[in-house]
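The values are calculated or read from the model by the stated rules, or taken from the named source; none is laboratory data. In this text, all values refer to a predicted model and were calculated from it rather than measured experimentally. Here Cβ is always computed from backbone atoms with ideal geometry, including for glycine, and neighbour counts include all displayed protein chains.
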Amino acid sequence: MTRGEAGGLAFWSRVELLRNHLRHAIGSRLAAASGRGETKRRQAAALQNARCIVDRYCNLGQYLCYGNSVPCFKLGECEEMVDVDVALNQIVAEKHRLADLDLVHVLAEPQELPALPAIAVRVMRITADSKGTLPELTRVIEADEALASKILKFSNSALYGRGGTVSTLKRAITALGFLTVRWLAVTASAHTLFRKDAKRNSDHKMLWEHSLKCAIGSRLLTKRISLNKVQVDEAFVAGLLHDIGKLAILDRMPGYISQFYDWCEVLSLEFFEVERDVIGTDHSEVSRHIFKHWNFPSSLSDAVVNHHSPESAKEGKVLAQVLFTVDKFFPLREHPENLFTSEDISELPLMVEHSVSEKDIADLRDKTAELYFEIADLLGA
């Protein structure tokens with residue numbers, strides 16, 4: 001066997017690996033075109049991109065094996081294949097590194113998951129209790145100066161349509177209502193979890209900014225499609241925590257978000273597909289464990305767990321659609337392939353069903369951007 005043939009055969013083993021990686025990706029894109037509801041134009045483009053990578057990679061393998069034909073791709077495409085080869089080797093190495101860590105089971109253990117601060121737990125207990133009273137809730141929140149200050153500021157913020165008219169905590173709680181106060185306590189606590197390493201970890205910072213934008217966008221969108229107040233309040237916290245599973249994984253794998261997105265872009269895979277292949281689970285499944293650990297409503301958990309496939313949601317289908325849609329507004333990491341225009345978003349099922357126009361979408365984006373800085377400032381981001 002010649003050196004060229006040996007090199008080619010080794011390359012063909014990588015071709016098979018690539019095919020295994022992309023077989024599910026291609027299938028999921030075909031299913032998504034009719035099921036998940038992304039625009040068929042974008043689905044077709046993503047599908048064609050995945051197929052082109054396979055075709056080019058196989059072509060390069062043939063050329064290396066037999067060396068008797070000129071490869072039918074340009075130098076830039078050859079460089080792309082080198083990127084693919086590097087990415088596959090990195091993925092194999094990472095899977096080997098993680099093999100002994102058993103992250104699938106570790107990330108399902110309550111003691112290994114992010115914990116809500118005690119103040120949030122107490123607020124949730126009182127607001128969920130039919131016998132909970134305003135004086136009791138006020139006393140608990142007053143004992144935590146930081147939370148009391150944030151709730152008072154939120155009650156006067158543009159997010160809740162007020163302009164500095166509430167001056168006491170008791171009035172703030174009365175104006176907002178128990179349910180809203182519950183989720184504001186969770187929001188303040190989540191801010192602490194997300195921001196703990198943001199100054200020295202770009203993934204934490206990127207994840208927090210994406211999550212806060214999705215929280216605001218989800219609240220505005222649910223108001224636009226005229227859902228009730230309970231759903232509007234839940235939409236904010238669902239948007240904020242829809243990627244909470246990534247936070248838990250980050251604690252075990254610092255920098256994994258940036259690395260996995262690099263692989264997604266080279267291999268034309270979805271982020272959760274790379275997670276499942278490399279880790280054995282994905283951030284949505286980890287979120288399910290966290291929400292169970294935190295005793296969150298099953299409808300909220302159902303929406304968050306299924307925000308990549310809202311058609312699979314049962315109790316929280318509409319909220320899952322909201323999260324799926326808003327996730328397209330503000331991608332975690334911007335890349336030409338995952339940037340949705342207002343036209344693209346207007347063709348998503350939820351937007352078509354509620355007649356949300358391109359202008360409405362542009363307004364929602366602008367309003368979210370405006371509120372983002374106010375809310376980030378209120379939280380001390």
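Taking Ala320 as the residue in question, decide whether it is closer than 30 Å to Val104 by Cα, surrounded by 15 or more Cβ atoms within 10 Å (Cβ to Cβ), assigned by TED's automatic domain parsing to the domain that holds Leu193 and touching a Pro at 6+ places or on another chain (Cβ under 6 Å). Yes; evaluated as a whole, the condition is true for this residue. Here the range 327-340 is the region considered, the condition is being at pLDDT below 85, in a loop (DSSP other than H, G, I, E, B) and not charged (D, E, K, R), and the residue that is farthest from Tyr256 (Cα to Cα) is Phe340.
Pick from the range 367-381 the residues that are of a type in the set (Asp, Glu) and either under 15 Å from Arg219 (Cβ atoms) or not in a helix (DSSP H, G or I) (or both): which of them is modelled with the lowest pLDDT? The residue in question is Glu374.
Residue count for the range 333-353 satisfying the condition of being in contact with a Ser or Thr (Cβ under 9 Å, 6 or more places away or on another chain) and surrounded by 14 or more Cβ atoms within 10 Å (Cβ to Cβ): 11. The set of residues in the range 203-222 being under 14 Å from the mean Cα position of the chain (by Cα) and either outside any helix (DSSP H, G or I) or farther than 17 Å from Asp377 by Cβ (or both) consists of Asp203, His204, Met206, Leu207, His210, Cys214, Gly217, Ser218. When Leu378, Leu350, Leu364, Leu323 are checked against the criterion of being over 20 Å from the mean Cα position of the chain (by Cα), hydrophobic (A, V, I, L, M, F, W, C) and closer than 20 Å to Glu234 by Cα, a single residue qualifies: Leu378.
The one condition from (1) touching a His at 6+ places or on another chain (Cβ under 9 Å); (2) more than 17 Å from Trp208 (Cα to Cα); (3) not in a loop (DSSP other than H, G, I, E, B) that Val352 does not meet is (1).
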